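The values are calculated or read from the model by the stated rules, or taken from the named source; none is laboratory data. Everything numeric in this text was worked out from a predicted model, so none of it was measured. Positions of Cβ are generated from backbone atoms using ideal geometry, with glycine treated the same way; all protein chains shown enter the neighbour counts.
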Amino acid sequence: MKRCLIFISLFFRLFPLSAQTLPIDSLTGEYEGDLGYPIICRVQPEGGKLILKIIGLGKIELIHTRANIYRLNGVKPEASIIFYADSLGKTARFRWEQKPSSFKWTKIAGDTGSSAGVDDYTGAYRMQDNPYRILHLGAVGANLQMTLPGQPPMLMIPQGKDHYAAKNDGQTYQLTFGEKPSPGTPGHDGEKSIVVGGFPPVNFKKRSSSIPHISNPVNGFTHADTLHGMLTPLRTCYDVLFYHLDITVTPETRFIDGRTLIRFKAMSTFDRIQVDLFANMHIESIAFHGRPLTYTRAYNAVFIQFPQPVEAGSQDELLITYKGHPDEPEIDVDKGGWLWLWDRDHRFWIETVTQGVGPSLWWPCKDHLSDRPDSMKISVTFPTGLSEISNGQLLKSTALPGGQTRNDWYVSYPINTYNVVVNIGHYAHFEDTCRNGQDSLALHFYCLAYNLPLAKKIFSQAKAMLHVYQQRFGPYPFPADGFTLMESLYPMEHQGAVSIGALNQPFNSTEYDSVNLVRAMWHESAHEWWGNSVGCRDYADMWIHESFATYAEVLMLEATQGRQAAMSYLHSQAPQNKEPIISVYDVNHFHMGDMYPKGALMLHTLRNILDDDDKWFFILKSIQERFKYHTISSKVLTTYISNLAGRDLSWFFDQYLRYPSPPTLLLEIKEEGPSLKIKYKWQANRPGFCMPVKWTTSKDTFELAYPTMGWQTVELKGMKRSDFRVDTDNFYFILKQT
């Protein structure tokens, strides 16, 4: 997954004040509002301040003004929240109150005619100060209907030329049409603009006085993390062979109804197993041979009891029926979920993203990276008029009564469960074929319908990318399912439905960044080899996915623009060197961090340690061939690379993967007559670290040197200090010289 954020803006106006003074401690907790779907906020102390956090949208400092009123620091127009107590004097809810203000919106889609009728105003408008927020206007007779995502439509009544208004909950909402922006305004030439004032109300009720624990190495991990991340006997006793995931999606209420068939093989005799499904998703039944099974829950783990032992070696299946509102993303802590948005033409646009949190967020499965089904069927029922794209091959699309359509997809290969995806939107589809020798690969491309010309421009580069990857990594791993690239809300390596994010940046504008779009395509597509075919068994080893995919971007630049462009991009990466790349095992802990930039620098360094490109690319292809469709650990992979390299590289991988900082090369340089005397050694965490480096042994001539962790001295004759350079382009380390 490429590092990326999607921001969604919400505005709230809330009601009168409370006079009762409440202690700070009683304000802390989790609150839930209703916009037709749940939205969660938290109030909590942090760094000596009181913080309001809108889940997935960021943090705001609360500054006490009087009684139970707090000002939201930095929010414009000025906003406050007011806390209220219940009959026992405990905090029960809060409301958000914000001074009415006007915001300018610029038209991005719809009729652009010059008539003075109401139809001239209809279409989609983008907020000038927040390009991620889209407003839609539709005609209802002589009136306009104004709609914001997640909020009920509001009927705006004409008040005069270019002026509409509505009253709702005691407040007047104004809509005023302005002149077209002056020519030359980026992205808005010739478009109309409107000014809108007023905010719809939302009330937040307290649902918990405690703040959910965010697990990480600093905060520690919980029993829930262990249940999710560890391979216990209740999980190792069975191997999943096949899933049939069958869901109905209701976008208006952000709700899903589902059935999941799990076909499994008993690896040992058992009468109890663990399946995973988030606690907020309601299980209606679990059936085995047509009879209901009993089960218990602990956090997000479901423990299913069988009436008699299931014998080792046998194959069987069970069916879980469930429903609920799946969680929505909390991107700032790498927690995925369902993204429910609109495109700029006022059509639903939906994507599921579960890397880092797990697919059990919305469907029941054995939620552990080590167990991939051999194949899978995905059936999705959704509103007719939209398109739906999941993984694999589309078997059929069926019109159903009640304005619904059902798509049935089939994945022919093993798939890691977090890669299972549902995309719903108003998509256009076009196809092509990529030939590699005698083999041909079906290419499928999906984009929002209004982005078809842009998508054809971006996706036209897919063939060249596939040729490079097949040359460097080996054959495309999933030929029977074809290769799919698509526009999406979030960039993600969903197998058979590789997503590169929104083509328009900012989101839902008419602008785009072709350079970053192509790099997103390179990165996410590389995961078909690194992650989707060869993948890790535990989130702690996610560098096997992300380091290689980031390095693949470098290889693409090298192939298309030359080595200098590749090196410039590689060294634009900025490792933080605060945490090890390898994280904590057995707790399902996913962290972004240095596995992207530092991991790519590490791989480039290894290429130059070997100093033999034929051997290096042989190793990359051999990894893909040996571990195709399998999950592996860091130890297995690094040992395999060492064996192919013909030398023990454990000291190298341990230093870069298991310690926060890269090694440091210490140099003491003295000019002695016509020569340089250089004293040198490595400073590293891993004992026995002995990475070779390249430095100048004569002016502009680089040769390998072999520092160790003990001081060594070399004399370079005919060299001045100004002639001496160390190769820090091809080897990643810290250089300290005196």
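Key figures
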read-out: Answer from Tyr164, Tyr125 - the residue that is surrounded by 15 or more Cβ atoms within 10 Å (Cβ to Cβ), at pLDDT 80 or above and in contact with a Pro (Cβ under 6 Å, 6 or more places away or on another chain); value: Tyr164
read-out: Per-region count, the range 203-216, residues modelled with pLDDT of 90 or more and either exposed (fewer than 15 other Cβ atoms within 10 Å of the Cβ) or farther than 30 Å from Arg93 by Cα (or both); value: 4
read-out: Long-range neighbours under 7 Å by Cβ, at least six apart or interchain, first residue closer than 18 Å to Pro45 by Cα and in a loop (DSSP other than H, G, I, E, B) within the range 205-225, second modelled with pLDDT of 90 or more and among the aliphatic types (A, V, I, L, M); value: Ser215/Val587
read-out: Restricting the range 334-358 to residues that are over 16 Å from Ser390 (Cα atoms) and of a type in the set (Gly, Ala, Ser), the residue that is surrounded by the fewest Cβ atoms within 10 Å (Cβ to Cβ); value: Gly356
read-out: Considering residues of the range 251-273 that are in contact with a Ser or Thr (Cβ under 7 Å, 6 or more places away or on another chain) and farther than 20 Å from Gly336 by Cα only, the residue surrounded by the fewest Cβ atoms within 10 Å (Cβ to Cβ); value: Met267
read-out: Matching residues, the range 430-474, being in a loop (DSSP other than H, G, I, E, B), free of Cβ contacts under 8 Å to residues at least 40 places away in the same chain and at negative phi; value: Gln438, Ser460
read-out: Pairs, first free of Cβ contacts under 8 Å to residues at least 60 places away in the same chain in the range 691-714, second part of a strand (DSSP E or B) and exposed (fewer than 13 other Cβ atoms within 10 Å of the Cβ), C-beta under 7 Å, six or more apart; value: Thr697/Glu703
read-out: Any hit, the range 666-675, residues being buried (at least 16 other Cβ atoms within 10 Å of the Cβ) and part of a strand (DSSP E or B); value: yes
read-out: Given (1) within 24 Å of Asp538 (Cα to Cα); (2) touching a Gly at 6+ places or on another chain (Cβ under 7 Å), index of the condition Leu241 fails; value: (2)
read-out: From Leu400, Leu394, residue being touching a residue at least 12 places away in the same chain (Cβ under 8 Å) and surrounded by 15 or more Cβ atoms within 10 Å (Cβ to Cβ); value: Leu394
read-out: Set Thr232, Thr248: member being within 18 Å of Tyr585 (Cα to Cα), of a type in the set (Ser, Thr, Tyr) and touching a residue at least 24 places away in the same chain (Cβ under 8 Å); value: Thr232
read-out: Test set (1) within 28 Å of Tyr410 (Cβ to Cβ); (2) of a type outside the set (Gly, Ala, Ser); (3) more than 24 Å from the chain's Cα centre (by Cα) - Arg347 fails condition number; value: (3)
read-out: Pair list, Cβ under 6 Å, 6 or more apart: the range 668-681 residue in the same structural domain as Trp711 (by TED's automatic domain parsing), other residue acidic (Asp, Glu); value: Ser675/Glu715; Lys677/Glu715; Lys679/Glu668
read-out: Among (1) farther than 30 Å from Leu52 by Cβ; (2) at pLDDT below 80, the one test that Met230 misses; value: (2)
read-out: Any hit, the range 292-300, residues being touching a Ser or Thr at 6+ places or on another chain (Cβ under 9 Å) and either closer than 14 Å to Lys366 by Cα or crowded, with 20+ Cβ neighbours inside 10 Å (or both); value: yes
read-out: Considering residues of the range 715-738 that are assigned to a strand (DSSP E or B) and touching a residue at least 60 places away in the same chain (Cβ under 8 Å) only, the residue surrounded by the most Cβ atoms within 10 Å (Cβ to Cβ); value: Val726
read-out: Within the range 432-481, considering residues that are small (Gly, Ala, Ser) and within 23 Å of the chain's Cα centre (by Cα), the one surrounded by the most Cβ atoms within 10 Å (Cβ to Cβ); value: Ala455
read-out: Pairs with Cβ under 8 Å, 6+ apart, first in the range 22-51 and free of Cβ contacts under 8 Å to residues at least 24 places away in the same chain, second surrounded by fewer than 15 Cβ atoms within 10 Å (Cβ to Cβ) and among the β-branched types (Val, Ile, Thr); value: Pro45/Ile24
read-out: Helices (runs of 4 or more DSSP H) fully within the range 550-656 counting 3 or more residues that are of a type in the set (S, T, N, Q) and without any contact (Cβ under 8 Å) to a residue 40 or more places away in the chain; value: 634-645
read-out: Identity of the residue in the range 407-421, in a strand (DSSP E or B) and of a type in the set (Phe, Trp, Tyr), that ends up farthest from Ser397 (Cα to Cα); value: Tyr410
read-out: When residues of the range 697-714 are limited to those that are surrounded by 12 or more Cβ atoms within 10 Å (Cβ to Cβ) and within 16 Å of Ile669 (Cβ to Cβ), the one modelled with the lowest pLDDT; value: Lys699
read-out: The listed residue being over 30 Å from the mean Cα position of the chain (by Cα), surrounded by 13 or more Cβ atoms within 10 Å (Cβ to Cβ), in a strand (DSSP E or B) and modelled with pLDDT of 95 or more, out of Ile247, Ile304; value: Ile304
read-out: Phe270 more than 21 Å from Ser390 (Cα to Cα) and within 31 Å of the chain's Cα centre (by Cα); value: no
read-out: Per-region count, the range 502-531, residues under 20 Å from Pro597 (Cα atoms), in contact with a helix residue (DSSP H, G or I) (Cβ under 7 Å, 6 or more places away or on another chain) and assigned to a loop (DSSP other than H, G, I, E, B); value: 3
read-out: Test: residue in the range 551-559 that is modelled with pLDDT of 95 or more and in the same structural domain as Leu394 (by TED's automatic domain parsing); value: no
read-out: Verdict on Ala540 being in a helix (DSSP H, G or I), small (Gly, Ala, Ser) and under 21 Å from Asp371 (Cβ atoms); value: yes
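Here's the yes/no breakdown for (1) surrounded by fewer than 18 Cβ atoms within 10 Å (Cβ to Cβ); (2) closer than 19 Å to Leu148 by Cα; (3) charged (D, E, K, R); (4) at pLDDT 55 or above:
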position: Ile6; (1), (2), (3), (4): no, yes, no, no
position: Phe11; (1), (2), (3), (4): no, yes, no, no
position: Thr21; (1), (2), (3), (4): yes, no, no, yes
position: Tyr37; (1), (2), (3), (4): yes, yes, no, yes
position: Cys41; (1), (2), (3), (4): no, no, no, yes
